[in-house]
Structures are given as C-alpha cells and as structure tokens.
1. Of everything in the range 187-205, what is open to solvent by less than 60 Å² (accessible area, probe 1.4 Å) and touching a Pro at 6+ places or on another chain (Cβ under 7 Å)? Give them in sequence order.
2. Six or more apart or on different chains, Cβ atoms under 9 Å: show the pairs whose first residue is in the range 101-123 and under 11 Å from residue 167 (Cβ atoms) and whose second is open to solvent by 60 Å² or more (accessible area, probe 1.4 Å).
3. Tell me the helices (runs of 4 or more DSSP H) entirely within the range 1-101 that contain at least 1 residues that are open to solvent by 70 Å² or more (accessible area, probe 1.4 Å) and at pLDDT 95 or above.
4. So which residues in the range 144-172 are surrounded by fewer than 12 Cβ atoms within 10 Å (Cβ to Cβ) and either of a type in the set (A, V, I, L, M, F, W, C) or over 23 Å from residue 65 (Cβ atoms) (or both), if there are any at all?
5. Suppose we filter the range 134-173 for residues that are among the acidic types (Asp, Glu) and in a loop (DSSP other than H, G, I, E, B); how many remain?
6. Of the conditions (1) without any contact (Cβ under 8 Å) to a residue 12 or more places away in the chain; (2) under 29 Å from residue 213 (Cβ atoms); (3) charged (D, E, K, R), residue 162 clears all except one; give me its number.
7. Please name all residue pairs, on different chains or six or more residues apart, with Cβ atoms under 6 Å, provided the first residue is in the range 178-195 and is within 18 Å of residue 35 (Cβ to Cβ) and at pLDDT 95 or above and the second residue is outside any loop (DSSP other than H, G, I, E, B) and of a type in the set (Lys, Arg).
8. Does the range 142-195 hold any residues that are aromatic (Phe, Trp, Tyr) and on the phi < 0 side of the Ramachandran plot, and which are they?
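The values are calculated or read from the model by the stated rules, or taken from the named source; none is laboratory data. Quick caveat, the model's predicted, so the values are computed rather than measured. Note that each Cβ is placed from the backbone with ideal geometry, even for glycine, and that neighbours are counted across all protein chains shown. Surface areas here come from the heavy atoms of the whole protein model, side chains and all, with no ligands, DNA or RNA. Shrake-Rupley method; radii C 1.70, N 1.55, O 1.52, S 1.80 Å.
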Amino acid sequence: MDFAVTASLTDLLFDDAYDGTIDPLELFPHWLEEARETEPNDPNAMAVASVDQNGMPDLRMVLLNGYSHEGFVFFTNFESAKGRQLLAHPMAALLFHWKSLRRQVRVRGPVEPVSQAEADAYFASRPAQSRIGAHASDQSRPLQSRNALVERVEALTEQFADGEIGRPAHWSGFRIQPLEIEFWKDGAFRLHDRVLFTRPDLSTGWSRTRLYP
C-alpha cells in the first residue's frame, strides 16, 4: 500500500488550514491497511453496539468482513442476540481501535441486511468447519455443555461429508451505512485529535468538524 497517500490524507484531515473536500469513506481503507501492517491480531476487529427491546445497550466484538462506499459489512446468525436486536432496531454503532497506531474510528448509522447473493458468496468462502459451525450453533441461546456442541458438530460433519454445506437461512450479513464517522488520533497529554464527519442522509455530502478531545 502507498503509505505516502495515507500520510497525505491524514495530514490534510488534521490540518485546520485545509478547507478542501475529504471523503471519510476513502480515508478509512487507508487507515485499515496501515493497521494491517502493525496490529498483531485481527486489524479488522470492531465493536458493534445495538440496543435490546428495553433500550438497553449491548456490545460485542466482531470482524469486519466487507467494506465499500455503501458501508461496513459483517456476518452473523440472525437469531443471535445481535441479529434479533439489529433486525428490530436497525441502527448501530461501530468502533475500531488500533492500539499499535494509537488511533480509533467510530461509526454510526442505519443497518440493512445484505443480499442473499452476497451472503451466499461469503459463506461459500469460509472453511468447511466454519460453515458446519454456523449450522451447529444456536448462537446466544443456552448450551447445556461444551460436549453437547461438540457432538452436534461431529454429527453435522458426518451428515455433510459427501455433500455441499449450504448457508443456513438464519445466517447472513448486516451492512452499517454510515451517517457519522469520527477519526481519532492520540495526542500528547491527552490533547487528542478528533475529526467528525456527518451527513443528514445517505445521498448527501459530508460535513467535517474538529472536536475537543
């Protein structure tokens, strides 16, 4: 990757004299690629926040599985806690924290399910044991014992031994469509740099605002 491009965009991001246009959806992949060079594990890990039926926040770590100007994609069991919450209340917040770079990116926006074709393609790319695991796990629901899960995996491994491991109907993906993206960079004595991009809807251009740390 071209680190000169990353440095240039980042320099402009935090340059108060620069009044030109910066697209946060073009800057984000540069930060992610830079993190791939420095993070020892899962640079694409992100926290996903949702709310339950009582408005209680819920939070968990997942992996970013896809990214484009349309948004941030991850895959999961739609019958899990996060799946049910996001289907009922289709708004989410994301947080990327790259400790090695002392950087964060925060994202907020509406959520939509990905297409069946997109879910099928990603599911087919996963290792066979991961596909079997998606069939075996009643994610977020009570499990009697670890051995019960192992036995289910073994039974499904035998069942699928001579056939295709298709995607379960309850397994798919969500796309978070950003209305807010904040870039955070560590500063000495906690005088951090924070720049927030906002837009009123998905078809509108971005506004850029520097925030107090």
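1. 187, 192, 194, 197
2. 119/113
3. By residue number, 24-38, 81-88.
4. 144, 145, 146, 147, 148, 150, 158, 161, 162, 163, 169
5. 3
6. (2)
7. Between residues of the range 178-195 that are within 18 Å of residue 35 (Cβ to Cβ) and at pLDDT 95 or above and residues that are outside any loop (DSSP other than H, G, I, E, B) and of a type in the set (Lys, Arg), the close pairs are 182/106; 184/194; 185/103; 193/185; 195/210.
8. 160, 171, 174, 183, 184
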